[in-house]
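Working notes, beginning with the structure itself.
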Amino acid sequence: MEHAKALAIKSGMTLIGLLLVLTAGFGVSFGTVLVMTIVLGAVSYPLGDLKLFPKSTNMIASTADTGVAFLIIWIIGMSMAGNAVTGWPWVSLLAAVVIGAAEFFFHLYIAKKPLGDNKKLHTAPSH
């Protein structure tokens, strides 16, 4: 249940961030933003939030999330929206920085939850 709640929070913040930057700012369709949100969650939640973050710092994990978001947004944006947006690298970078900032706060939330490799920290026997 904790994974479902964490994924819902992550998906919501990603969707809102991408809608604000890509749809409101550059006219990217809701469908394209929805695909980006799903792919970002499928890639960055298990790898970044459950594996990398518990073994590193919030800043390292947030920076990695920003890099992954940049690549995914750029690739999906170019393949689905193509020429509808001029300057995909810069647009992708702007969106990725917004996602990375949100991820910093999301990591504060999941640090308190027994999820992924973080589970070991929260399930230690108490005496």
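Here, each number is a calculation from the coordinates, and none is a lab measurement. For clarity, every value in this text was computed on a predicted model and none was experimentally measured. Virtual Cβ from ideal backbone geometry, glycine too; neighbours counted across all protein chains shown.
Projected label points at residue 38 and residue 84, each 7 Å from Cα along the beta carbon direction, are separated by 1.6 nanometres. Expressed in units of 2.2 N^0.38 Å, where N is the residue count, the Cα radius of gyration of region 1-99 is 1.05.
For region 37-101, applying the loop criterion from DSSP together with a ceiling of 15 other beta carbons within 10 Å to the chymotrypsin sites (Phe, Trp or Tyr not before Pro) yields no site.
Grab the beta carbon distance between residue 63 and residue 8, set R0 = 22 Å, and tell me the FRET efficiency rounded to 0.05.
Values: r = 24 Å, r/R0 = 1.10.
Step by step, r from the Cβ atoms, then E = 0.35.
For region 15-119, applying the loop criterion from DSSP together with a ceiling of 13 other beta carbons within 10 Å to the trypsin sites (Lys or Arg not before Pro) yields 112.
Where Lys and Arg each count +1 and Asp and Glu each count -1, what net charge lies around residue 106 among other residues with Cβ under 14 Å from its Cβ? After counting each charged neighbour, the total is 0. Residues whose amide H lies under 5 Å from that of residue 28, counting only those 5 or more places away or on a different chain, are 23; hydrogens are built 1.01 Å from N in the peptide plane.
Against the main long axis of the alpha-carbon atoms of the chain, helix 2-18 sits at an angle near 30°.
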